[in-house]
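Peer 1: Sending over a structure as structure tokens; questions will come in a sec.
The values are calculated or read from the model by the stated rules, or taken from the named source; none is laboratory data. Keep in mind it's a predicted model, so treat the numbers as computed, not measured. Note: ideal-geometry Cβ built from the backbone for every residue, glycine included; neighbour counts use all protein chains shown. We work out accessible area using only protein heavy atoms, side chains counted, and drop any ligands, DNA or RNA first. Shrake-Rupley method; radii C 1.70, N 1.55, O 1.52, S 1.80 Å.
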Amino acid sequence: MPSDLSAPVIVVGAGLAGLACAQRLNRVGVAVQVLEESDAVGGRVRTDLLGGFRCDRGFQLLNRAYPVLDHVLNPAELDLRTFGAGVVVAHGSQRSVLADPRRLPARLPATLAAPLGSITEKLRFVRWAARSLRPVRRILAEPDCTLADDLEQAGLVGRLRTGVVGPFLAGVLAEQDGSTSARFAALLVRSFVLGSPAVPSLGMGRFPELIAASLPADAIRLNTAVRSVTARSVRTAAEELRACAVVVATDPEAAADLSGIPRPPMKALTTFWHTAAEPPSQQPLLHLDADRRGPVINTAVLTAVAPTYAPAGRSLIATTVLGADGSGEAELAARRHAAQIYGSDPGSWEPITSHVIAAALPAQPPPLQIRRPVALANGLFVAGDHRDTASIQGALVSGRRAASAVLARLRVLPT
């Protein structure tokens, strides 16, 4: 059936993938209508402003090394506040800073002397991490295996792995069993080696807001739930809309319901937000527990990185655990464990809110499929991090790929 070029391309979902898709289409003059069920753009990347505290919906970071960033906005607009190049690791009653010697050379002696793995294991880790600097095509061309097997083959089998590498990657991958693709882990490690994780001064929600601001004012309709789609139409609760093409860019589970693609397995994370009478740490670093004495996989004092995340003189602490449990019991366990990691008194901490993200990340088991089709046999298009890599980079790339596929179908030449 020929496309009705007088109708817009309809993008269902105003998360990062949907916004990146709409932006690319709009830049070449294709009319776009974005339909979003919620009351704001961003999907899983939003920030709640609660009593002056900026609480991202889950602990999220933006890495300046993501290649796609420069294609969607000027990163300077984000006013990024960068985490330090290292981690603070609690072990027993002590805390050690393990730093990247390239960026913090003064910390090299302390990093080597920290009782968290032998010198040999630390050198093996450096060699393992350095492998991620090879060209991406070489990384992807190698046979894949699980992350656990890859670490084993690299000789990372001691205290450094169990107390530092494992907990750090658990927070990035939302799993502790090492079942993720080693190739995917290498791509993430590459981004950390090449760049530094950061947050916008006004919260992660500022990122999708800026992309949305690049679209015409009437291009996005909020509070508009989509009930069904075809290749040329979208039905909402109120009407049926004509389209020259339809891109489903919702969360993975809704995308499966609307488009008929397989429902991907998802991984859950829960983040608890607290303020304390005194900040438990002044270090702009991620804090880990080598002894794994509780449920926390990582915790950070966001105001040590971005003071703008809280009212003047107040602290904001983000603490993340695996799973989808935001109960009072889970909050108390996380608070006590996080305070233990810092060496702080949990009684002085006040809960602000919690974010249970049941579908935080799509699983990425080996062999890694880095490019899943965005043009479906039924005439629909689909975008999201489940079509590329489970990351902000993957979401943006998938949206731009979906836009390119639409342009090819409509025979519109991109500029």
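Peer 1: Defining a contact as two alpha carbons under 8 Å apart and six or more residues distant in sequence, what relative contact order in percent does the chain show? Let's see the in-between values first.
Peer 2: Values: 887 pairs, mean separation 104.1, N = 415.
Computed value for the chain: 25 percent relative contact order.
Peer 1: Hey, could you pull the Cα Rg and Dmax for the range 1-67, both in Å?
Peer 2: Rg then Dmax for the range 1-67, in Å: 15.6, 53.
Peer 1: Farthest toward the dipole's positive end in the range 32-174, which of Leu78, Gly51, Leu123, given Cβ charges of +1 (Lys, Arg) and -1 (Asp, Glu) about the Cα centre?
Peer 2: Leu123
Peer 1: Sorted by mean Cβ packing within 10 Å, highest first, what order do the peptides 329-342, 378-391 take?
Peer 2: Details: 329-342: 20.0, 378-391: 24.7.
In decreasing order of mean packing, 329-342, 378-391 become 378-391, 329-342.
Peer 1: How big is the charge dipole of the chain about its Cα centre, in debye rounded to the nearest 20, if each Lys and Arg gets +1 on its Cβ and each Asp and Glu gets -1 on its Cβ?
Peer 2: Details: 43 positive and 35 negative charges, 278 e Å.
Result for the chain is approximately 1340 debye, rounded to the nearest 20.
Peer 1: For the chain, give the share of DSSP beta bridges that are antiparallel, in percent and rounded to the nearest 5; count only bridges with both residues there. Kindly include the intermediate steps, with their values, before the conclusion.
Peer 2: Details: 45 of 62 bridges.
Of all bridge pairs located within the chain, approximately 75 percent are antiparallel.
Peer 1: Where does each of Phe207, Phe125 land when they are ordered by accessible area, with a 1.4 Å probe and the largest first?
Peer 2: Values: Phe207 0, Phe125 70 Å².
Greatest to least solvent exposure: Phe125, Phe207.
Peer 1: Now, a different point. Please compute the volume of the convex hull spanned by the alpha-carbon atoms of the range 154-254 and report it per residue in Å³.
Peer 2: So the per-residue Cα hull volume is 194 Å³.
Peer 1: Also, I was wondering about something else. How large is the Kirkwood hydrodynamic radius of the range 342-389, in angstrom, based on all distinct alpha carbon pairs?
Peer 2: Working: mean 1/r = 0.0671 Å⁻¹.
Computed over Cα pairs of the range 342-389, the Kirkwood hydrodynamic radius comes out at 14.9 Å.
Peer 1: Over all alpha-carbon pairs of the range 270-354, lay out the pair-distance distribution in 5 Å bins, whole %, shortest bin first.
Peer 2: 3, 17, 30, 27, 16, 6, 1
Peer 1: Could you give log10 I(q)/I(0) at q = 0.09 Å⁻¹ for the chain, computed by the Debye formula over C-alpha point scatterers of equal weight, without solvent?
Peer 2: Debye intensities relative to I(0), on a log10 scale: -0.56.
Peer 1: Can I ask one more? Quick one: if you stick a label point 7 Å off each Cα along the C-beta vector at Asp218 and Asp345, how many nm between them?
Peer 2: It is 6.0 nm.
Peer 1: How large is the direction-averaged shadow of the alpha-carbon convex hull of the range 115-168, in nm²?
Peer 2: Details: hull surface 15.2 nm².
Over all viewing directions, the range 115-168 projects a mean Cα-hull area of 3.8 nm².
Peer 1: Additional query: Take every Cα pair under 8 Å in the range 307-386 that's 6+ residues apart, average their separations, divide by the length, and report that relative contact order as a whole percent.
Peer 2: On the way: 31 pairs, mean separation 16.4, N = 80.
With pairs under 8 Å counted, the relative contact order is 20 percent.
Peer 1: Separate question: Which of Ala213, Ala238, Ala65 sits closest to the plus end of the dipole of the chain, meaning its Cα is farthest towards the positive end, when Lys and Arg get +1 and Asp and Glu get -1 on the C-beta?
Peer 2: Going by the Cα projections, it comes out as Ala65.
Peer 1: What Kirkwood Rh does the range 185-323 have if only Cα atoms enter the pairwise 1/r average? Answer in Å. Don't skip to the answer; put the middle values down first.
Peer 2: Values: mean 1/r = 0.0521 Å⁻¹.
Taking every pair of different Cα atoms in the range 185-323, averaging 1/r and inverting gives 19.2 Å.
Peer 1: When the dipole is taken about the Cα centre of the range 128-261, and only Lys, Arg (+1) and Asp, Glu (-1) are charged at their Cβ, what size is it in debye, to the nearest 20? Mind showing how you got there, number by number?
Peer 2: Numbers: 14 positive and 14 negative charges, 96 e Å.
My answer is approximately 460 debye.
Peer 1: Return the percentage of antiparallel bridges among DSSP beta bridges fully within the range 1-91, rounded to the nearest 5 %.
Peer 2: For the range 1-91, the DSSP antiparallel bridge percentage is about 45.
Peer 1: Where does the chain land at 222 nm, in deg cm²/dmol rounded to the nearest 500, when only DSSP H runs of n ≥ 4 count, each adding -39500 (n - 2.57), divided by all residues? Mind dumping the intermediate values first?
Peer 2: Working: 13 runs with 122 residues, N = 415.
Calculated from helices alone, the mean residue ellipticity at 222 nm is -8500 deg cm²/dmol.
Peer 1: If you don't mind, there's one more thing I want to ask. Per residue, what volume in Å³ does the convex hull of the Cα atoms of the range 76-167 enclose? Mind dumping the intermediate values first?
Peer 2: Working: hull volume 13.4 nm³, N = 92.
Value for the range 76-167: 146 Å³ per residue.
Peer 1: To the nearest 10 degrees, how steep is helix 328-342 against the longest Cα principal axis of the chain, on a 0 to 90 scale?
Peer 2: 50 degrees
Peer 1: Note down the accessible area of Val157, probe 1.4 Å, to the nearest 10 Å².
Peer 2: Surface open to solvent at Val157 totals about 90 Å².
Peer 1: Over the range 202-330, calculate the relative contact order: mean separation of alpha carbon pairs under 8 Å at least 6 apart, over the residue count, as a percent.
Peer 2: Working: 169 pairs, mean separation 24.6, N = 129.
Computed over the range 202-330, the figure is 19 percent.
Peer 1: Can you give the convex hull volume per residue for the Cα atoms of the range 299-397, as a whole number of Å³?
Peer 2: Details: hull volume 15.9 nm³, N = 99.
Cα convex hull per residue, to the nearest whole number: 160 Å³.
Peer 1: How do the peptides 236-246, 351-361, 395-405 rank, highest first, by the average count of neighbouring beta carbon atoms within 10 Å per residue?
Peer 2: Working: 236-246: 16.5, 351-361: 19.0, 395-405: 25.9.
So the order, starting with the most tightly packed, is 395-405, 351-361, 236-246.
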